[in-house]
Structures are given as structure tokens and as C-alpha cells.
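The values are calculated or read from the model by the stated rules, or taken from the named source; none is laboratory data. Just so it is clear, the model here is predicted, and its values are computed rather than measured. We place every Cβ from the backbone using ideal geometry, glycine too, and count neighbours over all the protein chains shown.
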Amino acid sequence: MIKIFSSPYIAECDQLRMLLELAGIRSDIRNEFGHSIGLVITGGVAEFAAPEVWVDDSDHADAMQVVQTFMRSLRDALNPTPEPPARDEWHCTHCGETVDAALHTCWNCDAPR
Ligand SMILES: [Zn+2]
């Protein structure tokens, strides 16, 4: 088994696990309750025990692709890409009016685009 993801938010681990399942990859969540425990003592050193997602070594490459897609979706959720610009308008060469992109002829003089 190999760890592919860790987050203090169990919901993110759950989400990723669901995506992995959809991709046909079996995964385990470890430290599932780490977020509520917060600290574990490892060899005398206190560490934050964040929930972790683990998969079989043989699934590692495939799983990392799912993780990358997942991370991108998390980032996009934080920084949504701006709305695409409105459809391009065009200018009638005949009368100079601005015409909506959906129209193929000028609304004013009926000249074709
Ligand atoms: Zn026109």
C-alpha cells in the first residue's frame, strides 16, 4: 500500500476515495479520525495526524492521475475561472451597426454577415 493523498479535511479524502472507486481503484482511508484527535505521539514527537488515502502499489500510477484531477478541481473551486466572454458581436459592413453573434444578417439593414 502507498499513501497518495493527505488532507486535514476528511471530506476531501472521502471525495477522492469516491473518485478512485469510480475509476475502479480500491482505496483505504487511514487516520480517518485524525482530524478529531489532532495530535498523535510518534516516537516522542507530536505530529498532526491528518486523514490519508492509501492505494495498492500496483494502482499507484492510475491513482495519481485521479489525485491530480481531484486537486485541480479543488483549486478550481477556490479560484473559479472567469466566465467566458460574451459571444462575439460583429459589425455590419453595410450600415455599421453592431449585430449579435447569433444573427447571420444585420438586424438593421438585413445585409448578410
Ligand atoms: Zn446593417
Selection from the stretch 1-17 of residues that are in a helix (DSSP H, G or I) and surrounded by 12 or more Cβ atoms within 10 Å (Cβ to Cβ): ILE10, GLU12, CYS13, ASP14, GLN15, LEU16, ARG17
By residue number, the members of the stretch 42-70 that are at pLDDT 85 or above, farther than 11 Å from ILE4 by Cβ and exposed (fewer than 14 other Cβ atoms within 10 Å of the Cβ) are SER58, THR69
Conditions (1) within 16 Å of the ligand (Cβ to nearest atom); (2) at pLDDT 90 or above; (3) among the small types (Gly, Ala, Ser): number failed by ALA102: (2)
